[in-house]
Amino acid sequence: MPAGERLPGAPEREERIVLHVDMDCFYASCERLKDPSLEGEPVVVGMGYEPGETVGAVATASYEAREYGVESAQAIGSALDSLPRKAEHPDDPDAGYYRSVDMDCYQDVGGEVKEILYELGDTVREVSIDEAYLDVTDRTAWDVAEGFGRHVKQRIAREVGVPASVGVAPDMSTAKLASDHDKPDGLVVVRPDDVREFLAPIDVADVHGVGPVRARELREMGIETAGDLADADPYELADEFGERGRDLHRRARGEDDRPVEPRGKPKSLSRESAFDGATDDFERVREQVATLAEAVADRATRKDAFYRTIGVKVVTPPFDVHTRAESLPGPVDDPDLVDEVTQELLGEFADESVRKVGVRVSNLDFSEREQASLTGFADREGATESDRNRDWERDSGEDDTDGQASLGEFE
Ligand code: TTP
Ligand code: MG
């Protein structure tokens, strides 16, 4: 039964337990995974800071760099003014480390975090690379919700190595504000009875759905905080902002009944696993890929998904993500073919040291029709060179990656 729908006599809707996770200075934390010497240092991730470059922006800054006034979306020139580059000013104690954006790495680390979240939530809504909502109503209880939130943070820290902030509340909107409330490394639990009190002092601009323009209009009406908004006359708000005004009024009162809904059908199915450190034993790599291929194919079969593209991912140290894929002339459900193609694609990495491997099937088709060929497309000449370098993550906004332990949990 989806969250939000209740049988008569079941607990009240406000007893839903929603958990929001937002990773701390996410890209900078990923850079620290690659280079642990950046721990505790001011780190700026962005573009345009190399000599000769002038155009570019900050993607994110570590909390140490934020102390210098550096922030997301800032022009790179102004970031360099407040925090010079260590590379050019090695003796300056007020200089910072600049790194360029490495999406492959961030997607990969984000994927590892999401795997854990799928294990821990009944339903998971991925919002962005570093943010998700979980409905955990049936996994915990208010009395122990803080411990549950801590467990989520610890698993991410231990298994992936990056810090997260977590908010727990009876609705999505409050949970998001809660995760943001005590960043970085925050854990804020807002129990049903405390929602109004928690929301009251929050700046009205931070209420979900209030942009800068609406915030200004609200301030002109004397509404500065979520508390003011909650106490405002809903009819006046509706006059001013239409149905949206009523929504905002409800949200400011913690009456956000949006269920935590997973996104639609996945665009791909994948499994991956890391070696402890990196391995030079290619036989081990082959075996691991064979195991993953079987699991992914099995998962596709159980989801009635046909696939047209089969791919592998190989991560080599320090964190170089290589992807190779082969497209078939039509959609299939053929575990042997997944095994065959993935082993073939793996061949070129025989001499590499390998940190992690993954198998993915994509170009999914859920329509209930006859497979184009039940013989497994013996002739695979249709594969194109461009497939070989297809970006593993490009269409994976809805990539359904699951972890070893969670297989079968969210059918
Ligand atoms: P955020 O979660 O907004 O920021 P953050 O994780 O860096 O920091 P916080 O601790 O406040 O959550 O965004 C996630 C990532 O998205 C961020 O690490 C970099 C990227 N990003 C941009 O590239 N440009 C931007 O303007 C913003 C806001 C984020
Ligand atoms: Mg974040």
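The values are calculated or read from the model by the stated rules, or taken from the named source; none is laboratory data. All of these numbers come straight from a predicted model, not from anything done at the bench. With ideal geometry, Cβ positions are generated from the backbone for all residues, glycine too; neighbour counts draw on all protein chains shown.
Conditions tested, residue by residue: (1) at pLDDT below 95; (2) within 16 Å of ligand 2 (Cβ to nearest atom); (3) of a type in the set (V, I, T).
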position: M1; (1), (2), (3): yes, no, no
position: P11; (1), (2), (3): yes, no, no
position: M23; (1), (2), (3): no, yes, no
position: V44; (1), (2), (3): no, yes, yes
position: M47; (1), (2), (3): yes, no, no
position: S62; (1), (2), (3): no, yes, no
position: M103; (1), (2), (3): yes, yes, no
position: D108; (1), (2), (3): yes, no, no
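Note on segment 150-180: residues that are under 20 Å from G254 (Cα atoms) and either more than 16 Å from ligand 2 (Cβ to nearest atom) or surrounded by fewer than 18 Cβ atoms within 10 Å (Cβ to Cβ) (or both) amount to 8. Between D81, D91, the distinction of being surrounded by fewer than 14 Cβ atoms within 10 Å (Cβ to Cβ) and either assigned to a helix (DSSP H, G or I) or of a type in the set (S, T, N, Q) (or both) belongs to D81 only. How many residues, within segment 294-315, are over 23 Å from the mean Cα position of the chain (by Cα) and over 29 Å from A278 (Cα atoms)? Of the residues in segment 294-315, 7 are over 23 Å from the mean Cα position of the chain (by Cα) and over 29 Å from A278 (Cα atoms).
Note on segment 213-309: enclosed helices (runs of 4 or more DSSP H) holding 2 or more residues that are under 19 Å from F349 (Cβ atoms) and of a type in the set (G, A, S) are 282-302.
Would you call F319 touching a Cys at 6+ places or on another chain (Cβ under 6 Å) and of a type outside the set (D, E)? Walk me through how you get there before you give the answer.
Details: touching a Cys at 6+ places or on another chain (Cβ under 6 Å): yes; of a type outside the set (D, E): yes.
Spelling it out, F319 is indeed touching a Cys at 6+ places or on another chain (Cβ under 6 Å) and of a type outside the set (D, E).
Taking segment 110-140 as the range and being away from ligand 1 (no atom under 11 Å from the Cβ), among the β-branched types (V, I, T) and closer than 24 Å to V44 by Cβ as the test, only V113 passes.
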